[in-house]
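Notes follow the structure.
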Amino acid sequence: MNILARSRIAGPDYDRRIVIAGAIAGGAILLALIQGLAGGAAGRSSGSGFWLTLHLLSVIPALPVGAYVLLRRKGDKAHRTAGRIWGGLMMVAALSSFGLPGGLGLIHGLSVLVLVMIPRGILQARRGNIAAHRRTMSLTYLSLAVAGMFTLLPGRLLGSWLFG
Ligand code: HEM
């Protein structure tokens, strides 16, 4: 049994579970967006603007692109291409969060973490430490899915679009 098969946070079963979490978050986020756009709340929102649009345009595609990378075979050209796109989207998600209105909050800690984790994950792959690379990227995807779910809480923008 190799090191990947033994690791609980860097195996196919773990990846499948976090992709399911990402799919649930993504479905609810899409519903919230449809509600917000159809009901006009998105247009009226004081938080809407360049940084929010950039944030949403990075986090929403990051969910399926990241799922694709986690679920398919690893190491080939398609893995590297999709992985680079996903890493880029995550960096934009984290950077754009600093432009959102409302000043710095606790969740910006996650943004800093992502800004560290993506370059770290790339370095690990370049150095051939594949188990660590896989763990880093899986955890970063999980943080995306969890952050997505938290945006649906009452009082947050997407939560108010979804639940009124
Ligand atoms: C699918 C995933 C995500 C969605 C749909 C999403 C959406 C949003 C939205 C709509 C806001 C505006 C504030 C509010 O909700 O009331 C926001 C704020 C924010 N997001 Fe995200 N986001 C996601 C993932 C992430 C990730 C991965 C990071 C970090 C890298 C991040 C960092 C932040 C930060 C720091 C804020 C400001 C929080 C605050 O209100 O103090 N988000 N996000």
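The values are calculated or read from the model by the stated rules, or taken from the named source; none is laboratory data. Please read these numbers as outputs of a predicted model, since none were measured by experiment. Cβ: placed from backbone, ideal geometry, glycine included. Neighbour counts: every protein chain shown.
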*Just give me the residues in the range 117-133 being among the small types (Gly, Ala, Ser) and exposed (fewer than 14 other Cβ atoms within 10 Å of the Cβ), in sequence order.*
Gly128
*Which one of the conditions (1) within 16 Å of the ligand (Cβ to nearest atom); (2) free of Cβ contacts under 8 Å to residues at least 60 places away in the same chain; (3) part of a helix (DSSP H, G or I) does Thr81 fail to meet, given that it meets all the rest?*
(1)
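In the range 69-78, which residue that is of a type outside the set (Val, Ile, Thr) and either surrounded by 16 or more Cβ atoms within 10 Å (Cβ to Cβ) or touching a residue at least 60 places away in the same chain (Cβ under 8 Å) (or both) is farthest from Arg16 (Cα to Cα)? Break it down into steps so the answer makes sense when it comes.
Initial filter on the range 69-78 (of a type outside the set (Val, Ile, Thr)): 70-78.
When the remaining residues are screened for being either surrounded by 16 or more Cβ atoms within 10 Å (Cβ to Cβ) or touching a residue at least 60 places away in the same chain (Cβ under 8 Å) (or both), the result is 70, 74.
On the way: Leu70: 8, Lys74: 14 Å.
By that ranking, first place goes to Lys74.
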_In the range 21-55, residue modelled with the lowest pLDDT [restricted to those that are loosely packed, with under 12 Cβ neighbours inside 10 Å and not small (Gly, Ala, Ser)]_ = Arg44
_Single match in Leu158, Leu113 (criterion: within 8 Å of the ligand (Cβ to nearest atom) and farther than 17 Å from Ala25 by Cβ)_ = Leu113
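Hey, among the residues in the range 17-39 that are of a type in the set (Val, Ile, Thr) and touching a residue at least 24 places away in the same chain (Cβ under 8 Å), which one's nearest to Ser143 (Cα to Cα)?
Ile18
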_Of the conditions (1) within 11 Å of the ligand (Cβ to nearest atom); (2) in a helix (DSSP H, G or I); (3) buried (at least 18 other Cβ atoms within 10 Å of the Cβ), Leu152 satisfies every one except a single condition; which number is it?_
(2)
*asked:* Which condition from (1) out of contact with any Lys or Arg (no Cβ under 7 Å at 6 or more places or on another chain); (2) surrounded by 14 or more Cβ atoms within 10 Å (Cβ to Cβ) is the one that Thr136 breaks?
replied: (1)
*Would you mind stating whether Leu142 is within 14 Å of the ligand (Cβ to nearest atom), over 12 Å from the mean Cα position of the chain (by Cα) and either at pLDDT 95 or above or not hydrophobic (A, V, I, L, M, F, W, C) (or both)?*
no
*Of the residues that sit in the range 84-104 and are among the aliphatic types (A, V, I, L, M) and more than 8 Å from the ligand (Cβ to nearest atom), which one is surrounded by the most Cβ atoms within 10 Å (Cβ to Cβ)?*
Leu89
